[in-house]
Amino acid sequence: MSKTILATVLTLVLAGAAHAQPKREPLVDRVKKSIDNGVRYLRNSQRPDGGWNVAVLDVRFRGGGTALAIMALLNCGVPIDDPVIRKGLNNLRGIQSDSTYVVALQTMALVEAGRAEDAEAIQRNVAWLIDARVLDGNGLRGWSYGKGP
């Protein structure tokens, strides 16, 4: 193959590759920036004990806000070994609740984290949720805020 033909082919290939670059989407950049801002906020608002203070939830549903924060961070790409996740999971592991809301969210966060050390707690929570079902004569009716009707 002559140098001229090779140069022409290379030019066409490189020009095609340059032309094939996707254009920047402003919405994508705005979404990424919003996600980064949310992650930064959650990092900065974590309490020293590893939990997150969600005043409206902390009285009856202590741990629910922490579980939501952990799930949000993990779903935004914060790695499982990041200190903010480790501290949050350690806090969440210490929560014993009789609230369907908290037990369900705690279970979801532990499952999302995917740590083998949490398998027993996940199984215990699933059994609690099964036991907490509200049944009627036709079977499952749903769940209440805790165990019982």
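A few comments on the model shown:
- Scalar couplings 3J(HN,Hα) for the range 90-106, obtained by applying the Karplus form with A = 6.51, B = -1.76, C = 1.60 to θ = phi - 60°, are 4, 5, 5, 5, x, 8, 10, 10, 10, 9, 4, 4, 5, 4, 5, 5, 4 Hz; x denotes Gly and Pro.
- Options Val103, Gly77, Ala121, ranked by Cα towards positive dipole end of the range 62-149, top entry (Cβ charges): Val103
- Dimensions of the range 21-149 along the principal axes, based on C-alpha atoms and rounded to the nearest Å, stand at 60, 35, 32, largest first.
- Distance in nm between pseudo-label sites at Tyr145 and Lys33 (7 Å out along the Cβ direction from Cα): 4.1
- The chymotrypsin sites (Phe, Trp or Tyr not before Pro) of the range 54-149 meeting both criteria, a DSSP state outside H, G, I, E and B (loop) and at most 14 other C-beta atoms within 10 angstrom of the site's C-beta, are Tyr145.
Read the figures in this text as sums done on the coordinates, not as results from a lab. Given the structure is predicted, the values throughout are model-derived calculations rather than measurements. All Cβ positions, even for glycine, are placed from backbone atoms using ideal geometry, and neighbour counts span all protein chains on display.
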